[in-house]
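The block underneath contains the structure these notes are about, expressed in structure tokens.
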């Protein structure tokens, strides 16, 4: 009963702990996917990086991630319509960005192949770029859409009109 009383004493506008851990995990996914993207590009082009070069690449990606996080304006995402799944919205937005990048990076791979030929097929390289862009965008969009402040505002109204807070 002690746990039920403790759970009842937690205010409803406090974010759930699993959501906070999930958001932290989501914030680390784009740098991890970027390192995997670099690994794929180096493999496609036939480069082999030493351990020191990999450390420089990982530290550079993490530093760029921190700088971009600090430079980003902290304004909330617009509210989603009721009964809208943030996973679906993030997937749709990421798919749109990935489709455009798929076209642009496919053309870049065609041009780059004339200068530095690769044994890997053009289709596989282009698909790799598109998949990495999709993953980075999906995690980034989902991280913004799962903001605890948004969830509190949305669940607080529960269809009771404007609420007037």
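A few points about this structure:
- From least to most packed, judged by other beta carbons within 10 angstrom and beginning with the fewest, 147, 119 follow the order 119, 147.
- Prolate/oblate/rounded label for region 49-113 (Cα gyration tensor, a/c 1.5): oblate
Quick note: the coordinates plus some simple rules give every number you see, no bench work behind them. As the structure is a computational prediction, the values presented were derived from the model and not from experiment. FYI the Cβ positions are ideal-geometry reconstructions off the backbone, even for glycines, and counts take in every protein chain you see.
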